[in-house]
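Chemist: Below you'll find the structure I mean.
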Amino acid sequence: MKPFQNHWRKATSAVISAICFLCALMVILPLALILFHLIRLGASSVDWNFLTHLPKPVGETGGGMANAIVGSFVLVTLAVLIGVPVGLLGGIYLSEFGSPRLNWAVRLAADILNGTPSIVWGIVVYALVVVPMKGASAYAGGLALGLIMIPLVVRTTEGMLALVPNSYREAALALGIPKWKSVVHIVLKTAGKGIVTGVLLACARVAGETAPLLFTASGNQFWSHNLSEPIASLPRQIYTYAIAPYDDWKRQAWAGALVLILITVAFSAGVRVLTRGSNTAGAR
Amino acid sequence: MIAATAQRKVVLAPPSKAGDAFFKFLTWGMAMMVFVLVALLGWELFQGSKISLQQFGWRFLIHDWDPGNGNFGALPFIFGTFVSSLLGLMIALPLSLGTAIYLTELAPRWLRRPALSLIEMLAAIPSVILGLWGIYVLVPWLRDHPYPLLQKALAWLPVFRGHIYGQSFLSAAVIIAIMIVPIITSMAREVFRAVPDSQREAAFALGATRWEVTWLAVLKGSRRGMFGAAMLGLGRALGETMAVTMVIGNSTDISASLFAPGSTLASAIANQFSEAVDDTYRSALFELGLVLLLVTIVTNILAHLLVGAVSAPQDAFNA
């Protein structure tokens with residue numbers, strides 16, 4: 001080949017490599033900018049007052065998001081109570097009992113559920129719970145988030161159980177242990193870290209969901225004393241404050257967003273700690 | 001000694017089958033919940049939209065949205081959903097493929113994992129925070145700097161004419177692009193990683209440059225997977241709600257200009273559901289949900305069929 005052609009080919013390769021590198025930079029850039037603005041605009045407003053006080057009425061400055069922060073934890077707890085048992089057992093079926101054909105169908109259905117816009121869950125739970133109960137409630141919000149969690153937990157459990165070597169199961173069966181005991185005590189235990197990781201990631205995901213809560217948990221400017229009352233949540237409060245025309249609310253929206261991000265990061269940090277030093281479990 | 005132990009007969013009762021049968025049934029029931037939920041979604045939305053289905057029929061899909069006169073149609077929202085999602089995909093796809101190529105083929109090994117973690121972090125940012133950042137940082141900047149330049153350069157295209165609003169289809173598309181880049185990137189990365197190294201080595205051995213190796217050994221065989229990754233991104237884009245609601249402007253008009261405000265199916269539900277007091281209005285919003293569900297199901301099934309073979313189950317979380 002002529003030298004000219006070789007130079008040309010090398011130059012093309014270099015240029016395209018550079019373009020790919022720039023693509024990667026452009027993809028990371030929004031993340032950097034979002035974190036920068038969150039800290040610049042939110043950090044000064046996150047103080048003890050913000051974390052421990054109720055919102056003030058319109059027109060008064062100050063107040064905080066204490067009820068929304070607690071509300072988010074309540075909703076995520078409800079979601080875990082609904083999503084984890086169903087998802088875990090469903091995932092166990094896929095990995096330990098299922099047939100290839102049924103598993104294919106379950107996986108497809110789970111992917112469809114994962115791809116369903118969360119606002120759709122919002123109005124479905126509205127029709128299912130809010131209308132019969134004649135009002136928004138923490139139950140409805142928790143249910144919406146829990147239903148969103150189910151397919152996530154099914155897929156992650158199945159994936160993690162598949163990593164458990166078959167010899168473990170065979171060893172248990174050879175000892176005459178009933179299959180369900182071998183699954184619960186040996187297979188689940190082996191995959192435990194990975195499953196907890198998956199559940200934490202699912203929690204982080206639903207903790208940031210706003211759309212399914214708009215019409216189910218609704219919102220609340222005060223503490224809710226009863227799970228059948230509307231309950232405040234952090235994402236919902238951020239949304240309300242972000243689109244409101246008051247400067248003090250905007251300031252608090254940034255502060256709330258920073259707190260929400262920190263909670264999400266805390267979940268992922270939990271994941272990091274759990275997966276440290278293990279290569280079978282963890283988010284790849 | 002040995003003979004003695006061998007002679008002692010130890011009779012253990014065989015393990016009970018009842019526990020196993022119960023356990024299998026229980027887990028089966030929970031696995032079936034996944035189908036129940038799909039059916040529940042469809043059924044509740046169908047029930048909710050009954051009034052609207054009866055009153056407007058198929059006309060609903062090609063009619064304007066006029067709640068003031070009790071006339072409902074999904075056309076502006078279907079239009080808005082597809083314009084913003086496809087535009088978002090057009091922005092996100094090249095960036096994601098470039099990033100995925102960089103991560104699998106070009107980047108030094110020590111950089112790959114941290115870079116991937118950053119992309120996963122972007123995926124983990126809640127939609128409402130992206131929306132907040134969108135309203136107060138991204139949209140004002142887009143409106144003041146890139147949009148006028150774009151209009152000046154491409155004024156001969158009707159889609160870039162007209163008054164420049166910050167909250168617009170184009171802003172929604174940019175936000176959508178930011179949201180779907182991580183999904184497409186991580187799917188495309190899985191696809192590229194599934195290509196055996198021996199193929200790359202063969203291409204290198206023939207004297208190919210780095211780009212030629214990527215093109216011949218990796219990209220050419222991954223078309224199907226890349227298409228699947230794009231579909232997965234599109235599915236996510238179609239249903240994106242909060243961030244889009246916050247930056248699209250929520251107008252129910254259909255405009256040819258990308259600088260004009262609009263609405264999507266999801267943003268219309270989020271924005272109008274609590275105002276809808278009469279039954280027809282609410283029913284029409286449920287029907288928007290039904291349309292949205294059907295569109296995303298079709299996209300997701302396509303994506304599932306296209307990337308099913310290469311995707312690991314954990315990828316449910318890259319969403």
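Derivation of every value follows stated rules applied to the coordinates shown; laboratory data play no part. Being a predicted model, the structure only gives us computed values, none of them experimental. A quick note on method: Cβ atoms are made from the backbone with ideal geometry, for glycine too, and the neighbour counts reach across all protein chains shown.
Chemist: R0 = 51 Å: FRET efficiency of B:Ala256 with A:Val184, Cβ-based, nearest 0.05?
Modeler: The computed FRET efficiency comes out at 0.25.
Chemist: Would you calculate, for chain B, the mean residue ellipticity at 222 nm contributed by helices, counting each DSSP H stretch of 4 or more residues as -39,500 (n - 2.57) and dividing by all residues, to the nearest 500?
Modeler: The helix-only estimate for chain B comes to -21000 deg cm²/dmol at 222 nm.
Chemist: Here's another thing I want to ask about it. If the reach is capped at under 21 angstrom between alpha carbons, list the lysines near B:Lys220, excluding any in the same chain fewer than eight residues apart.
Modeler: A:Lys10
Chemist: Hey, what do the phi angles of segment A:116-128 turn into as Karplus ³J(HN,Hα) couplings, whole Hz, using 6.51/-1.76/1.60 and θ = phi - 60°, x for Gly and Pro?
Modeler: For segment A:116-128, the Karplus curve yields 6, x, 5, 5, 5, 4, x, 6, 5, 5, 4, 5, 7 Hz.
Chemist: How shielded is B:272-283 by partner chains, expressed as the average number of their Cβ atoms within 10 Å of its Cβ atoms?
Modeler: Working: counts 0, 6, 3, 0, 0, 0, 0, 0, 0, 0, 3, 0.
Mean number of neighbouring Cβ atoms from other chains: 1.
Chemist: In Å³ and rounded to a whole number, note down the convex hull volume per residue for the Cα atoms of segment A:181-284.
Modeler: Spelled out: Cα convex hull of segment A:181-284, divided by residues, is 145 Å³.
Chemist: Taking the number of other C-beta atoms within 10 Å as the exposure measure, put A:His53, A:His37 in order starting with the fewest.
Modeler: Lowest count first: A:His53, A:His37.
Chemist: Residue by residue through segment A:165-172, which ³J(HN,Hα) values in whole Hz follow from phi under the Karplus form 6.51 cos²θ - 1.76 cosθ + 1.60 (θ = phi - 60°), with glycine and proline marked x?
Modeler: x, 4, 4, 4, 5, 5, 4, 5
Chemist: Give, rounded to the nearest 20 debye, the magnitude of the charge dipole that the protein assembly as shown has about its Cα centre when Lys and Arg contribute +1 at Cβ and Asp and Glu contribute -1 at Cβ.
Modeler: 2160
Chemist: Right, another one. If you scale each eigenvalue of the Cα gyration tensor by 5 and take the root, what three semi-axes come out for segment B:87-224, rounded to whole angstrom and sorted largest first?
Modeler: They are 35, 19, 11 Å, listed from largest to smallest.
Chemist: Which three extents, in whole angstrom, do the alpha-carbon atoms of segment A:49-275 cover along their principal axes, largest first?
Modeler: Projected onto the principal axes, the Cα atoms of segment A:49-275 cover 71, 39, 29 Å.
Chemist: Between B:Leu149 and A:Glu60, what is the label-to-label distance in nm when each label sits 7 Å out along the Cα-to-Cβ direction?
Modeler: About 4.8 nm separates the two model spin labels.
Chemist: Right, next: Going by the alpha-carbon gyration tensor, a ≥ b ≥ c the square roots of its eigenvalues, is segment B:149-286 rounded (a/c under 1.5) or, if a/c is not under 1.5, prolate (a/b greater than b/c) versus oblate?
Modeler: Here segment B:149-286 falls in the oblate category.
Chemist: Using the Cα atoms of the protein assembly as shown to build a convex hull, what is its mean projected area in square nanometres? Each step should come with its number before you reach the end.
Modeler: Values: hull surface 143.8 nm².
Over every viewing direction, the Cα hull of the protein assembly as shown projects on average to 36.0 nm².
Chemist: Based on alpha-carbon atoms only, what is the radius of gyration of segment A:3-45 relative to the globular estimate 2.2 N^0.38 Å?
Modeler: Dividing the Cα radius of gyration by 2.2 N^0.38 Å gives 2.04.
Chemist: Could I ask something else about it? Need one word for chain B: rounded, prolate or oblate. Basis is the Cα gyration tensor (sqrt eigenvalues a ≥ b ≥ c); a/c below 1.5 gives rounded, then a/b vs b/c decides.
Modeler: Oblate, since a/c reaches 1.5 and b/c is not below a/b.
Chemist: Within 10 Å, Cβ to Cβ, of A:Gly90, how many net charges do the neighbouring residues add up to if Lys/Arg are +1 and Asp/Glu are -1?
Modeler: 0
Chemist: Then there's this: Compute the projected area of the convex hull of the Cα atoms of segment A:53-130, averaged over all viewing directions, and report it in nm² to one decimal place.
Modeler: Across all orientations, segment A:53-130 yields a mean hull projection of 7.7 nm².
Chemist: Mind jotting down the three principal axis lengths of segment A:1-146 based on Cα atoms? Whole angstrom, largest first.
Modeler: 80, 57, 26
Chemist: Out of B:Ser117, B:Ser171, B:Ser257, any idea which swings most in a Gaussian network model of chain B, alpha carbons joined below 10 Å?
Modeler: So, out of B:Ser117, B:Ser171, B:Ser257, the one fluctuating most is B:Ser117.
Chemist: In the neighborhood of A:Trp254, defined by Cβ-to-Cβ distances under 14 Å, what is the net charge if each Lys or Arg adds +1 and each Asp or Glu adds -1?
Modeler: Value of the local net charge: 0.
Chemist: May I pose another question? How large is the helix-only mean residue ellipticity at 222 nm for chain A, computed as the sum of -39500 (n - 2.57) over DSSP H runs with n ≥ 4, divided by its residue count, in deg cm²/dmol to the nearest 500?
Modeler: Counting only the DSSP helices, I get -22500 deg cm²/dmol.
Chemist: Just rank B:Ser198, B:Ser267, B:Ser49, fewest to most, by other beta-carbon atoms within 10 angstrom.
Modeler: Arranged by neighbour count, lowest to highest, B:Ser198, B:Ser267, B:Ser49 become B:Ser198, B:Ser49, B:Ser267.
Chemist: Mind running the shape call on segment B:1-136? Use the C-alpha gyration tensor, a ≥ b ≥ c as the square roots of the eigenvalues: rounded below 1.5 for a/c, prolate if a/b tops b/c, oblate otherwise. Each step should come with its number before you reach the end.
Modeler: Working: a/c = 4.27, a/b = 1.53, b/c = 2.78.
It comes out oblate by the Cα gyration axes.
Chemist: To continue, here is another question. How large is the dipole of chain A about the Cα centre if only Lys and Arg carry +1 and Asp and Glu carry -1, each at its Cβ, rounded to the nearest 20 debye?
Modeler: With Lys and Arg at +1 and Asp and Glu at -1, about 1040 debye.
Chemist: Taking H placed 1.01 Å from N in the peptide plane, check which residues at least 5 places from B:Asn71 or on another chain put their amide H under 5 Å from its amide H.
Modeler: Counting only residues 5 or more places away or on other chains, the set is B:Asp66.
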